Amino acid sequence: MQTNSRIPCIDALKAVACLFIVSHHLAFYGPMSDIARPLIPNLIDWLYQNGRLAVQVFFVTSGFLVAAKFAPDGVVLLRRPASVIKQRFLRLAIPVWFALIAAIVCAALVGSTLTHYEVPTLPTITQLLANIFLLQDLTHQEALSAGLWYVAIDFQLFTFTALLLWACGMATQRHAKLVVLAPLLVLSVCVFSLFIVNRYAAWDNTGLYFFGSYGAGILVYWASKRPAALMWLGLLVMMIIAAMLVDFRIRIVVAGSIMLLLGLASRYASIGTRPVGPILSYLGRISYSIFLIHYPLCLLVNAVFFIYFPQSASMNVLGMLTGVCVSVAGGALFFKYIENGLLIRSTGALPAASTAH
């Protein structure tokens, strides 16, 4: 998940969100959290219930960066949607394929140890293909790694947005007065998602369920570039508040807060250019790699601590901290050698850096 260097806080947001996701999965999967719970019950329960909310950071920032790249000021620059959609798929999926191999191998290694926990079994061909092409939720196949649902949703959101922006750009070329079409359509779909679709969990395997957050990122980028930016930001905040009055959802509160922060950071240099430090900046850069590889690594850490410390709450608290550290270290290596490394660049399919995430 590469970042936009003009706004360092995006690095910090992604770094913190990524660590929350890792911690959420450590609280959700495996025996360590069960054994450690007597020492830190409130923290584990909170991570179990709310850690997943951090994914809203990635949806909002992704929409923000897509708007910056393909439609700055609401003027669509995208002319070849098939090409950018293909590039996006490869950008997301090639690292996923390596992470899936790691997940299958690690699940096989720990399966006999963690017999009472949700460890994926050897996949069928149908399940494997669904995961490879990011279709596991739409085809009702079990995911082979935690968090893979997010990658699939991100690709759906990007594909839909690219096609929508391209269609608006084509219309604008023919009729200049339709220049407002892209913002109006993005706003309409965003409102439809926030007020209707996002209220029903049956839709959560589709990008439309999350377009309220993604679209908020797109809209806030455009709003922050307009002369009356504060007024437009205020209107977007009112949209979020109205959605909360209809049906309160903490995930939308988080998305709205990130939306407002990005809008202010983009508008005001005192916020947007404030350094966040080399550690957060680096963690933000490698956050996608950490996100992909942390699950198989956490399976291994769970198995080790379950074998050697099956009843020690304090040691399993240490094990959870170890899981976070191992995930970060593994993510750094995965980023160096897979996501941004020689194995990926040798395919010729991906640029060395991307502003898409």
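Which of the following residues is farther than 29 Å from Leu26 by Cβ, within 18 Å of the chain's Cα centre (by Cα), touching a residue at least 40 places away in the same chain (Cβ under 8 Å) and open to solvent by less than 50 Å² (accessible area, probe 1.4 Å): Phe211, Phe155?
After ruling out the rest, the residue left standing is Phe211.
One residue is enough: does region 258-271 have a residue meeting the conditions touching a Cys at 6+ places or on another chain (Cβ under 9 Å), in contact (Cβ under 8 Å) with a residue 24 or more places away in the chain, surrounded by fewer than 20 Cβ atoms within 10 Å (Cβ to Cβ) and more than 21 Å from Gly51 (Cα to Cα)?
Yes, region 258-271 contains at least one residue that is touching a Cys at 6+ places or on another chain (Cβ under 9 Å), in contact (Cβ under 8 Å) with a residue 24 or more places away in the chain, surrounded by fewer than 20 Cβ atoms within 10 Å (Cβ to Cβ) and more than 21 Å from Gly51 (Cα to Cα).
Identify all residues within region 301-316 that are open to solvent by 60 Å² or more (accessible area, probe 1.4 Å) and within 24 Å of Ile286 (Cβ to Cβ); write none if there are none.
Val304 - this is the single residue of region 301-316 that is open to solvent by 60 Å² or more (accessible area, probe 1.4 Å) and within 24 Å of Ile286 (Cβ to Cβ).
If I filter region 3-23 for residues that are closer than 26 Å to Tyr209 by Cβ, basic (Lys, Arg), touching a residue at least 24 places away in the same chain (Cβ under 8 Å) and open to solvent by less than 10 Å² (accessible area, probe 1.4 Å), do I get at least one hit?
yes
Taking only pairs six or more apart or across chains, which ones have beta-carbon atoms under 8 Å, a first residue in region 161-183 that is on the phi < 0 side of the Ramachandran plot, and a second residue that is outside any helix (DSSP H, G or I) and of a type outside the set (A, V, I, L, M)?
Trp166/Arg79; Gly169/Arg79
Please work out which residue is nearest to Ala162 (Cα to Cα), limiting yourself to region 193-208 and to residues that are more than 18 Å from the chain's Cα centre (by Cα) and without any contact (Cβ under 8 Å) to a residue 12 or more places away in the chain.
Top of the filtered list is Ile196.
Being small (Gly, Ala, Ser), surrounded by 14 or more Cβ atoms within 10 Å (Cβ to Cβ) and modelled with pLDDT of 90 or more narrows it down to one residue among Gly319, Gly341; which is it?
On the way: Gly341 fails: modelled with pLDDT of 90 or more.
From the options Gly319, Gly341, the qualifying one is Gly319.
Does any residue of region 236-251 turn out to be buried (at least 17 other Cβ atoms within 10 Å of the Cβ) and in contact with a Ser or Thr (Cβ under 8 Å, 6 or more places away or on another chain)?
Yes, some residue in region 236-251 is buried (at least 17 other Cβ atoms within 10 Å of the Cβ) and in contact with a Ser or Thr (Cβ under 8 Å, 6 or more places away or on another chain).
Could you say which residue among Leu181, Leu264 is over 18 Å from Val66 (Cβ atoms) and not in a loop (DSSP other than H, G, I, E, B)?
That would be Leu264, the only listed residue that is over 18 Å from Val66 (Cβ atoms) and not in a loop (DSSP other than H, G, I, E, B).
Return yes or no: is Val304 assigned to a helix (DSSP H, G or I), among the hydrophobic types (A, V, I, L, M, F, W, C) and closer than 25 Å to Leu144 by Cα?
Numbers: assigned to a helix (DSSP H, G or I): yes; among the hydrophobic types (A, V, I, L, M, F, W, C): yes; closer than 25 Å to Leu144 by Cα: yes.
Against the criterion (assigned to a helix (DSSP H, G or I), among the hydrophobic types (A, V, I, L, M, F, W, C) and closer than 25 Å to Leu144 by Cα), Val304 qualifies.
Determine if region 228-248 includes at least one residue that is in contact (Cβ under 8 Å) with a residue 60 or more places away in the chain and either under 30 Å from Asp34 (Cα atoms) or outside any helix (DSSP H, G or I) (or both).
no
Is it fair to say Leu262 is within 26 Å of Gln156 (Cα to Cα) and more than 22 Å from the chain's Cα centre (by Cα)?
On the way: within 26 Å of Gln156 (Cα to Cα): yes; more than 22 Å from the chain's Cα centre (by Cα): no.
The answer is no for Leu262.
Please verify whether Ala27 is touching a Ser or Thr at 6+ places or on another chain (Cβ under 9 Å), over 19 Å from Tyr214 (Cα atoms) and either among the small types (Gly, Ala, Ser) or free of Cβ contacts under 8 Å to residues at least 12 places away in the same chain (or both), treating the condition exactly as stated.
Yes.
The values are calculated or read from the model by the stated rules, or taken from the named source; none is laboratory data. Predicted, not measured: the structure shown is a model, and the values here were computed from it. Quick reminder, even Gly has a Cβ in these numbers, built from the backbone with ideal geometry, and neighbours come from all protein chains shown. Protein only, heavy atoms only, side chains kept; ligands, DNA and RNA dropped before computing areas. Shrake-Rupley method; radii C 1.70, N 1.55, O 1.52, S 1.80 Å.
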